[in-house]
Amino acid sequence: MSKDQWLQCAMEVFAREGNKGVRIEYLAREIGVAKAGFYWHFKDSEDLLKNMLDFWLHEFTEIVMLNMESLDLGPKERLELLVKMVEDYDLARYDVNFRTWAKTDPVVAKKVKAVLKLRLEAVRQAISELGYADEDLEFRTHLFVCYLSNEADMFGGRGVSTKKERAHYKQTLLRMVTEQRDLTS
């Protein structure tokens, strides 16, 4: 069993059960191996949790932001791409659980804050290139990031909104954020 397989299993358990569900014995049972194999890859459960945080930061934020920057796209197209990537790759699937965990763990809170800062910076850059500034820029940036981080958890997978309705709402969000109109007055 590789380190990546342990980490992947831990992330899936985390998505279903939160950080309280990520226990070495439980993971070993899920994978079907002895828990001793865990210690070849991680010092302890805290080391696993640190690796989970690093994985989330890197795979679900840093790589996405780097990919967006590397493409020769205009700001609206970058935001459209971000909406598509979040949906296609379910990039917000761990966000709620990490934010919940951050309420009780200062180390996690620091990492969650770093992830949010990176996301806000990337979105803020694109929206500022559309000509927005000051309060209007900040409102549009926060609205966009907040919606993408919570949309799937709130409206997807539970029959609350159909896929077609959710796609319409995302297009409406893009129009609200990118088209010239005053949203703050």
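The values are calculated or read from the model by the stated rules, or taken from the named source; none is laboratory data. Owing to the predicted nature of the structure, the values given are computational and were not obtained by experimental measurement. Methodologically, a virtual Cβ is constructed for each residue, glycine included, from the backbone with ideal geometry; neighbour enumeration extends over all protein chains shown.
Of the listed requirements (1) in contact (Cβ under 8 Å) with a residue 40 or more places away in the chain; (2) over 24 Å from residue 156 (Cα atoms), residue 60 misses just one: (2).
Looking at segment 95-107, is at least one residue of a type outside the set (A, V, I, L, M) and more than 22 Å from residue 48 (Cα to Cα)? No. Checked against (1) of a type outside the set (Lys, Arg); (2) in a loop (DSSP other than H, G, I, E, B); (3) more than 30 Å from residue 130 (Cα to Cα); (4) at pLDDT below 95, residue 42 meets all criteria but (4).
Among the residues of segment 106-131, those that are surrounded by fewer than 16 Cβ atoms within 10 Å (Cβ to Cβ), in contact with a helix residue (DSSP H, G or I) (Cβ under 9 Å, 6 or more places away or on another chain) and farther than 29 Å from residue 171 by Cβ comprise 107, 109, 110, 113, 114. Can you tell me which residues in segment 149-167 are in contact with an Asp or Glu (Cβ under 9 Å, 6 or more places away or on another chain) and of a type outside the set (Gly, Ala, Ser)? Matches in segment 149-167: 150, 151, 153, 155, 166.
If you filter segment 1-53 down to residues that are within 21 Å of residue 97 (Cα to Cα) and of a type in the set (Phe, Trp, Tyr), you find that the one that is surrounded by the fewest Cβ atoms within 10 Å (Cβ to Cβ) is 26.
Can you work out which of the residues in segment 61-94 that are assigned to a loop (DSSP other than H, G, I, E, B) and hydrophobic (A, V, I, L, M, F, W, C) is surrounded by the fewest Cβ atoms within 10 Å (Cβ to Cβ)? Can you show your working first?
Residues of segment 61-94 that are assigned to a loop (DSSP other than H, G, I, E, B), as a first pass: 71-74, 89-94.
Remaining after also requiring hydrophobic (A, V, I, L, M, F, W, C): 71, 73, 91-92.
On the way: 71: 10, 73: 14, 91: 20, 92: 18.
The residue in question is 71.
Across segment 95-113, what is the total count of residues that are more than 11 Å from the chain's Cα centre (by Cα) and part of a helix (DSSP H, G or I)? Qualifying residue count for the region: 10. Out of segment 125-158, which residues are out of contact with any Leu (no Cβ under 7 Å at 6 or more places or on another chain) and of a type in the set (Asp, Glu)? Those that are out of contact with any Leu (no Cβ under 7 Å at 6 or more places or on another chain) and of a type in the set (Asp, Glu): 129, 134, 135, 138, 151, 153. Within segment 76-135, being at pLDDT below 95 and aromatic (Phe, Trp, Tyr) holds for one residue alone: 89. Only a single item in (1) surrounded by 14 or more Cβ atoms within 10 Å (Cβ to Cβ); (2) free of Cβ contacts under 8 Å to residues at least 12 places away in the same chain; (3) of a type outside the set (A, V, I, L, M, F, W, C) is not met by residue 168, and it is number (1).
In segment 45-75, of all residues being charged (D, E, K, R) and under 30 Å from residue 180 (Cα atoms), the one that is modelled with the highest pLDDT corresponds to 62.
Here residue 101 passes the criteria (1) aromatic (Phe, Trp, Tyr); (2) more than 16 Å from residue 78 (Cβ to Cβ); (3) free of Cβ contacts under 8 Å to residues at least 40 places away in the same chain except the one numbered (3). Just one residue in the set 175, 166, 158 is part of a helix (DSSP H, G or I), at pLDDT below 90 and on the phi < 0 side of the Ramachandran plot; that residue is 166. Out of the residues in segment 132-165 that are under 26 Å from residue 114 (Cβ atoms) and charged (D, E, K, R), which is surrounded by the fewest Cβ atoms within 10 Å (Cβ to Cβ)? Per the stated criteria, the residue is 134.
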